Amino acid sequence: MLDVILQAGASVLLDPLTLGLMGIGTLAGLLAGAIPGFTIAMGVILTLPFTFGMSPIQGLATMMGVFVGGLSGGLMSGMLTGIPGTPSSVATTFDGFPMVRSGKPGLALGLGLWSSFFGGMISAIILVALAPQLAFLGLEFGPWDYFALIVFALTITVSLSGDNMIKGLIAGCLGLFAACVGEDEINGVARFAFGSDHIRQGFAFLPVLIGLFAFSQLLSDVEDNVKAKSPLMAKTADPVRVEHRKAIALVIKNWINLCRSSFIGIFTGILPAAGGSISNILAYDQAKKAAKNRDEFGKGAVDGIIAPESANNATAGGALIMMMALGIPGDIVTAVMLGALMIHNIIPGPSFIQDEPLLAYGVFIAFFAAHFFMVGLQAFSLRLFLLVTRIPMYVLASVILAYCAIGVFALHNITFDIWVMFGFGVIGYFMRKLGFPLAPMILGVVLGKLAELNIARAIGTSDDYFLFITRPWSLFFILMAIVSVIFPFYQNANKDSLFSKLYVPICMMVLSLPLFLMGSPVRMMIAAILLLSGGYFVYKRTTRLQST
Amino acid sequence: MTNNKSDIIIAVFLLCFCGIMINDASNIRDLGFEGMKADAWPRVVLWMLAVMSSVMLGKSYIQFKTDGHKDNNIFKVNFLKFKNALICFGMFIFFLSTLDYLGMLLGGIVFVFGLLTFLGGFSINLIIKHLMISILSIGFMWMVFTFGLRVMLPEGEILRVW
């Protein structure tokens, strides 16, 4: 094992080209994260075409740099101007901006930077420790379980991606359908090709993704004539000298908040679809609840910066755990990473870490190393960011649209791919305008083929359809899918209603059933704890309701 | 734009789309092998889509009726709102249609220059600025992909004749 880690470390850390690419990637990520209107996912998607000519480890290391840089980039604009660069740094502005306004911009930036660094480091350690274990667990999965896991990934994406569930489900189905077009994986029969040889090959993942996400985003950005012509940010800021020593000391002093927020981030990242945009707010909320000086929150509290920034970087590690161990993307960014691996003919799954240990550990090490680059490049990227924000959006959008076309063409050297990108760009744009969330569609496109392959394998192996509910893991994921579908109703329900009071304990009791079926002592113990505590809460809450 | 009117139009459109695709699914060849047929999964997905679209149609129609709109013309759309997006679509279609003749280098420059000028304005100063931006940005990208990444970008008839 140690020799594999050393070899993987050497392939990343001792190769100047890989290190250089990772540095460029981190800088690009820091900028993409900092510019409002640009997202980390967009940064990673736009980096992807550059990685075609690279080796898998170089490509993944570059994208890892963009990912980590992007997570930390959002804090610059959020703190200095009050406008968060990405959704994952929304909560950072709650205390970061007031701290900057109170005359401590260097400390605010330092706190954000070092919280991101330590949060990322904690999640990197958990990633290295947990991903191989989870992959072993994944080896227990049969096609029934995998299919149920994909269904769960899609339903939770839908339930977390917006307030209109029907539109989310429609978007997910459209994504699944897009993945059906072209030759099917099992029989090689053409589907929905309408006589076109190009469509017969199916839609390549990258043009669909760039179209749906980047193209449609750019069109939305230039929609408003006045906004399109004005500089990216109306408010500007001055270069700031980051107070590193004081910030490190404060982050270490508040280590309980750091660890709690990092674990919230990791857990949120492991959940499919729940990314940094959720974890930073959750961590901020928990930090506020746990703080002795709650009144200081919103006025520049140190804990109010540490919590969201450590959580959003830790989310990346959590999302990577799912992708590396089970081949299920945790969010849009890891969905793109998954696509990048597929372009290099690597399919992540439970056996990925065992089959491709050099690559898997290379990714882990790149994740570690990217955090050091992030710290090192923050000061430089801050100056660059202040320059970029003077450019009007229409200039940036026009150049990036052309770049998208060139990048997509580079995938297979065919013009049809650019047409596909354009088509999905138009679809994505109108979906945005009509209030359809894009995340379920993207996940549908990524997981569609995998879902079909697994259901076909399941049916091919046995014609007993009850296996979907009699196999413990499959039942577990199906129950989780049902729980996630009901979740939006729970969120909108009256807090004093019976449904709201009993939703969580009943979910705990229901989920204990498949864990009991798994048979192993540890899982049965967890099941018993879930059942007993669920039962206790049901009893306590119903008696309290009856008494009132 | 998201309101009950547009939701009704979209739901009807999606139902038509499902109808066409479900009909086309019957043309998918059956090779006669055991196991799941090639048309089974797409049919499941399309039926799910059709059910969801029907629910959306029903929901938005009921909402539309109960809201009591003054303007009952559901096809009235303000195209001016989408002017810039439509310019981008138009320029992109032009860029793709002329790619075989102009190639990626010239076509890209024309596309970026055209888009910048349509979106940014037509004053002399701006036109010069846009021309510079388009030549420098596309030239740089073309060089990175052609020489750095060794991608054979479309040359175009014009440059080939030259």
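The values are calculated or read from the model by the stated rules, or taken from the named source; none is laboratory data. Since the structure is predicted, the reported quantities are computational estimates derived from the model, not experimental observations. Here the Cβ positions follow ideal geometry from the backbone for every residue, glycine too, while neighbour counts run over all protein chains shown.
Annotations for the structure displayed:
- Odd one out for A:Val66 among (1) surrounded by 24 or more Cβ atoms within 10 Å (Cβ to Cβ); (2) among the β-branched types (Val, Ile, Thr); (3) at pLDDT below 85: (3)
- Hey, A:Leu532 surrounded by 20 or more Cβ atoms within 10 Å (Cβ to Cβ), more than 14 Å from chain B (Cβ to nearest Cβ) and assigned to a helix (DSSP H, G or I) or not: no
- Residue within region A:294-302 that is in a helix (DSSP H, G or I) and either in contact (Cβ under 8 Å) with a residue 12 or more places away in the chain or not assigned by TED's automatic domain parsing to the domain that holds A:Ala61 (or both) present: yes
- Cross-chain or 6+ apart pairs with Cβ under 6 Å, region A:326-352 first and farther than 23 Å from A:Pro437 by Cα and in a helix (DSSP H, G or I), then at pLDDT below 80 and of a type outside the set (Asp, Glu): A:Leu326/A:Gly138; A:Leu341/A:Pro348
- Residue list for region B:6-33, filter: more than 15 Å from B:Val51 (Cβ to Cβ), touching a helix residue (DSSP H, G or I) at 6+ places or on another chain (Cβ under 7 Å) and of a type outside the set (Val, Ile, Thr): B:Asp7, B:Ala25
- If the condition is being β-branched (Val, Ile, Thr) and more than 7 Å from chain B (Cβ to nearest Cβ), then region A:396-427 contributes A:Ile400, A:Val408, A:Ile414, A:Val420, A:Ile427.
- Set A:Leu511, A:Leu447: member being at pLDDT below 90 and either under 20 Å from A:Ile328 (Cβ atoms) or in the same structural domain as A:Phe203 (by TED's automatic domain parsing) (or both): A:Leu447
- Residue that is in a loop (DSSP other than H, G, I, E, B) and either more than 7 Å from every other protein chain (Cβ to nearest Cβ) or under 18 Å from A:Leu176 (Cα atoms) (or both), where the choices are A:Phe436, A:Phe430: A:Phe436
- Set A:Leu218, A:Leu209: member being away from chain B (no Cβ under 14 Å), more than 22 Å from A:Met374 (Cβ to Cβ) and part of a helix (DSSP H, G or I): A:Leu209
- Subset of region B:18-50 that is at the interface with chain A (Cβ under 7 Å from one of its Cβ atoms) and of a type in the set (Val, Ile, Thr) - its residue that is nearest to A:Arg457 (Cα to Cα): B:Val45
- Any hit, region A:367-390, residues being in contact (Cβ under 8 Å) with a residue 60 or more places away in the chain, within 10 Å of chain B (Cβ to nearest Cβ) and outside any helix (DSSP H, G or I): no
- Among (1) of a type in the set (A, V, I, L, M, F, W, C); (2) closer than 20 Å to A:Leu438 by Cα; (3) surrounded by fewer than 24 Cβ atoms within 10 Å (Cβ to Cβ) - the single one A:Leu48 does not satisfy: (3)
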